[in-house]
Amino acid sequence: MDRFTLTLAPRTSADRAHGVLPGTPPAQAEQNPDSHTLPARVRPGTGVLFLHGSNYGTCRESATQLADEAAEFGCATEVAPLDAYVGGLPTDRPVVITAAWSRTRPRTLLFRL
């Protein structure tokens, strides 16, 4: 577990097609569209959980900033420490994890999830 690697692969249009995401409220017909707003990429109220996992404040600040930006798009966001979900991650909404570790000692919490 000391050698963490990540392999990136290009995505195609087919990879981006998906059904309804967990935490997404049912679609409602828009009756009075406002022509002065940008089109939303998510349905208003879509839940997203932002978890931060480090002993310093950087990851917490990053998670909070991401949550604030997601809220501007209409998401219902929650920010919490990664330690709060050691028993398992929720499956009812997307989860974003911000974490950092040094090159010599990986964050053991990530391996307990």
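Below are the figures for this structure:
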{"quantity": "Ordering of 80-87, 6-13, 47-54, 63-70 by burial proxy (mean other Cβ atoms within 10 Å per residue, highest first)", "calculated": "47-54, 63-70, 80-87, 6-13"}
{"quantity": "Whole-Hz couplings from phi, Karplus 6.51/-1.76/1.60, listed for segment 10-15; x for Gly and Pro", "calculated": "x, 9, 10, 4, 5, 5"}
{"quantity": "ASP68/ALA14 FRET efficiency (R0 41 Å; Cβ-Cβ; nearest 0.05)", "calculated": "0.80"}
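Every number here is computed from the coordinates shown, using simple stated rules; none is lab data. Keep in mind the model is a prediction, meaning the values are calculated, not measured. Note: ideal-geometry Cβ built from the backbone for every residue, glycine included; neighbour counts use all protein chains shown.
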